[in-house]
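The values are calculated or read from the model by the stated rules, or taken from the named source; none is laboratory data. Remember, predicted model here, so these are calculated numbers, not experimental data. All Cβ positions, even for glycine, are placed from backbone atoms using ideal geometry, and neighbour counts span all protein chains on display.
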Amino acid sequence: MSGTEIAVTGLGTVTPAGAGVNATWRTVREGSSTAANTHPRLAGCPVDFCASVENLDTSVVGRRALYRLDRSVQLLLVAAHEALTDAALLGADWDAERVGVVIGCGMGGVSSWEKQHSRFLGQGPDAVSPLMIPMTTPNMAAGEVALAYGARGPSFVVSTACASGATAISAARGLLASGECDIVIAGGTEAANTALTVAGFANLGALSRRREDPAAASRPFDIDRDGFVMAEAAAVLVLEHAAHAAARDRRPRALLAGCGSATDAHHPTAPHPEGRGASQAMRAALRAADLDPGDVDHVNAHGTSTVLNDSVEAHVITGVLPHGPYVTSTKGVLGHSLGATGAVEAVMTVLAIEQSCIPPTANCENPGPDLDLNLVTKIAARQRVRAAVSNSFGFGGHNVVLAFRTP
């Protein structure tokens, strides 16, 4: 391994499939949807179902810290604990000044905003918590991880809508490649299953209205897709120089070989009709990873289950990767966790490489006839994956593609 290779040495997730990478991977591999029926939090909303994290064990966060943390940060800290444990870095004697934290978040502490605003309207300004600002500002996601684990290198939060988690991983790679850090805790988090947020997405026309069957509502690349299912989640990857990992006798789970980013500069919410930015980002990731298109065995698609986005992404994949690699979207199982989803899907891509297993796209019963993709449906595909890409696209025209390969 060269000194410039970036190793993935730890993984952690909290998703609607459960806390822990194993629980999430098992459910994704089985293709079992986690979208649930009417959620009390969404009563009266035009869409009243979502995919949520239930019965979260926050013991690793500590009771004293919980009262000052937004739910999005609570999810993140649980995922970070698992990732650092997996990387054998929990409690390790590291050079703290060379440990960075980069987190993606699209919305910030929206549940805390709504709760405190309700108090303000109902009880007056004196009822607003003095901790409201640190509970709601997006930067605190990275700040709280750094505080919890004593990481004193660069720490910051990036926000590129639904590409935020992937942008964080790309930025983390930059900190490592520049030599500024030896280790970076990178990932994404989002807990925006609130009435206000869901109403906004529903009125925008982005959410599925399949209220009679929520489990089948998220249907990436299916001809009957009608929008995504809101979800919450957090995911963390521990990234470090491969030489640094080898020096402490840690074998990489995968290598983060390259990243590519581009902007559509086309429309606030709609992708470029020809996928200009997405294609540019995918080609950039392949160049950075020194991969030819034919080297890619698997694409973890953004696959939102919206009519326009799936169509454009399919066009991009077939244009950049005409040899037809296996394609899947995990949003049929996990829903769309906005700023966290790029990090969640990066974890799933690493596992596909590590376990030679490509999970199915849940609920894709009838792939759109205009989408010429080699989709994995029904059951997982057992296939050696030498290299894979994970796509993330967001409002504002943000496009980020991560390229992973075997160690």
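Between a first residue in region 139-153 that is modelled with pLDDT of 95 or more and a second residue that is outside any loop (DSSP other than H, G, I, E, B) and hydroxyl-bearing (Ser, Thr, Tyr), which pairs have beta carbons less than 9 Å apart while being 6 or more apart in sequence or on different chains?
These pairs meet every condition: ASN139/SER155; ALA141/SER72; ALA141/THR189; ALA142/SER155; GLY143/SER155; VAL145/SER155; ALA146/SER155.
Have a look at ALA177, ALA168, ALA195, ALA163 and point out the one that is more than 16 Å from THR269 (Cβ to Cβ) and crowded, with 24+ Cβ neighbours inside 10 Å.
Details: ALA177 fails: crowded, with 24+ Cβ neighbours inside 10 Å; ALA195 fails: crowded, with 24+ Cβ neighbours inside 10 Å; ALA163 fails: more than 16 Å from THR269 (Cβ to Cβ).
Of the residues listed, the single one that is more than 16 Å from THR269 (Cβ to Cβ) and crowded, with 24+ Cβ neighbours inside 10 Å is ALA168.
Tell me whether region 264-274 contains one or more residues that are within 14 Å of ALA387 (Cα to Cα) and in contact with a strand residue (DSSP E or B) (Cβ under 8 Å, 6 or more places away or on another chain).
No - not one qualifying residue is present in region 264-274.
ALA80 is checked against (1) in a loop (DSSP other than H, G, I, E, B); (2) within 20 Å of the chain's Cα centre (by Cα) and fails just one. What number does that condition carry?
(1)
In region 234-241, is there at least one residue being modelled with pLDDT of 95 or more, within 30 Å of SER118 (Cα to Cα) and crowded, with 21+ Cβ neighbours inside 10 Å?
So far as region 234-241 goes, yes, one or more of its residues are modelled with pLDDT of 95 or more, within 30 Å of SER118 (Cα to Cα) and crowded, with 21+ Cβ neighbours inside 10 Å.
Would you mind finding the one in LEU75, LEU69, LEU89 that is of a type outside the set (S, T, N, Q) and in a helix (DSSP H, G or I)?
Just one listed residue meets the conditions, LEU75.
Could you tell me which residue of region 378-407 is surrounded by the most Cβ atoms within 10 Å (Cβ to Cβ), considering only residues that are touching a Phe, Trp or Tyr at 6+ places or on another chain (Cβ under 9 Å) and assigned to a loop (DSSP other than H, G, I, E, B)?
VAL385
When you scan region 89-103, do you find a residue that is at pLDDT 95 or above, within 20 Å of SER390 (Cβ to Cβ) and aliphatic (A, V, I, L, M), even just one?
Within region 89-103, one or more residues are at pLDDT 95 or above, within 20 Å of SER390 (Cβ to Cβ) and aliphatic (A, V, I, L, M).
Looking at VAL312, VAL376, VAL344, VAL320, which is the one that is in contact with a strand residue (DSSP E or B) (Cβ under 7 Å, 6 or more places away or on another chain) and within 20 Å of GLY260 (Cα to Cα)?
Result: VAL344 is the single residue among VAL312, VAL376, VAL344, VAL320 that is in contact with a strand residue (DSSP E or B) (Cβ under 7 Å, 6 or more places away or on another chain) and within 20 Å of GLY260 (Cα to Cα).
Working only within region 368-407, note down all residues that are within 18 Å of the chain's Cα centre (by Cα) and β-branched (Val, Ile, Thr).
Within region 368-407, VAL389, VAL400, VAL401 meet the criteria.
Out of (1) surrounded by fewer than 24 Cβ atoms within 10 Å (Cβ to Cβ); (2) of a type in the set (A, V, I, L, M); (3) not in a loop (DSSP other than H, G, I, E, B), the odd one out for VAL61 is which?
Condition (3) is where VAL61 drops out.
Being under 25 Å from ILE103 (Cβ atoms), at pLDDT 95 or above, within 19 Å of the chain's Cα centre (by Cα) and outside the structural domain of ALA284 (by TED's automatic domain parsing), is that true of even one residue in region 219-229?
Within region 219-229, one or more residues are under 25 Å from ILE103 (Cβ atoms), at pLDDT 95 or above, within 19 Å of the chain's Cα centre (by Cα) and outside the structural domain of ALA284 (by TED's automatic domain parsing).
If the Cβ limit is 8 Å and pairs must be 6+ apart or interchain, which residue in region 96-109 that is under 16 Å from GLY150 (Cβ atoms) pairs with which residue that is surrounded by fewer than 24 Cβ atoms within 10 Å (Cβ to Cβ) and among the hydroxyl-bearing types (Ser, Thr, Tyr)?
Going by the 8 Å Cβ cut-off, the qualifying pairs are VAL99/TYR149; GLY100/SER155; VAL101/SER155.
Residue by residue through region 25-52, note down the ones that are touching a strand residue (DSSP E or B) at 6+ places or on another chain (Cβ under 6 Å), within 25 Å of ALA346 (Cβ to Cβ) and not hydroxyl-bearing (Ser, Thr, Tyr).
Of everything in region 25-52, those that are touching a strand residue (DSSP E or B) at 6+ places or on another chain (Cβ under 6 Å), within 25 Å of ALA346 (Cβ to Cβ) and not hydroxyl-bearing (Ser, Thr, Tyr) turn out to be ALA35, CYS50, ALA51.
Looking only at region 308-323, decide whether some residue is among the charged types (D, E, K, R) and surrounded by fewer than 23 Cβ atoms within 10 Å (Cβ to Cβ).
Within region 308-323 (the criterion being among the charged types (D, E, K, R) and surrounded by fewer than 23 Cβ atoms within 10 Å (Cβ to Cβ)), the answer is no, since none of the residues qualifies.
Taking the options ALA148, ALA127, ALA142, name whichever one is hydrophobic (A, V, I, L, M, F, W, C), closer than 23 Å to HIS244 by Cβ and out of contact with any Ser or Thr (no Cβ under 6 Å at 6 or more places or on another chain).
After ruling out the rest, the residue left standing is ALA148.
Could you list, in sequence order, all residues of region 200-221 that are touching a Cys at 6+ places or on another chain (Cβ under 8 Å) and surrounded by 24 or more Cβ atoms within 10 Å (Cβ to Cβ)?
ARG219, PRO220, PHE221 - these are the residues of region 200-221 that are touching a Cys at 6+ places or on another chain (Cβ under 8 Å) and surrounded by 24 or more Cβ atoms within 10 Å (Cβ to Cβ).
Mind telling me which of the residues ALA171, ALA234 ends up being closer than 30 Å to SER311 by Cα, part of a helix (DSSP H, G or I) and not polar (S, T, N, Q)? Break it down stepwise before answering.
On the way: ALA234 fails: part of a helix (DSSP H, G or I).
Only one candidate passes the filter, namely ALA171.
For MET230, all conditions in the list (1) of a type outside the set (Gly, Ala, Ser); (2) on the phi < 0 side of the Ramachandran plot; (3) without any contact (Cβ under 8 Å) to a residue 60 or more places away in the chain hold save one; what is the number of the exception?
So MET230 meets the others, but not (3).
For GLY303, only one of the following conditions fails: (1) of a type in the set (Gly, Ala, Ser); (2) surrounded by fewer than 17 Cβ atoms within 10 Å (Cβ to Cβ); (3) touching a helix residue (DSSP H, G or I) at 6+ places or on another chain (Cβ under 7 Å). What is its number?
If we test GLY303 against (1) of a type in the set (Gly, Ala, Ser); (2) surrounded by fewer than 17 Cβ atoms within 10 Å (Cβ to Cβ); (3) touching a helix residue (DSSP H, G or I) at 6+ places or on another chain (Cβ under 7 Å), just (2) comes out false.
Hey, can you tell me all the residues within region 129-149 that are within 20 Å of LEU338 (Cα to Cα) and either in a loop (DSSP other than H, G, I, E, B) or among the hydroxyl-bearing types (Ser, Thr, Tyr) (or both)?
THR136, THR137, PRO138, ASN139
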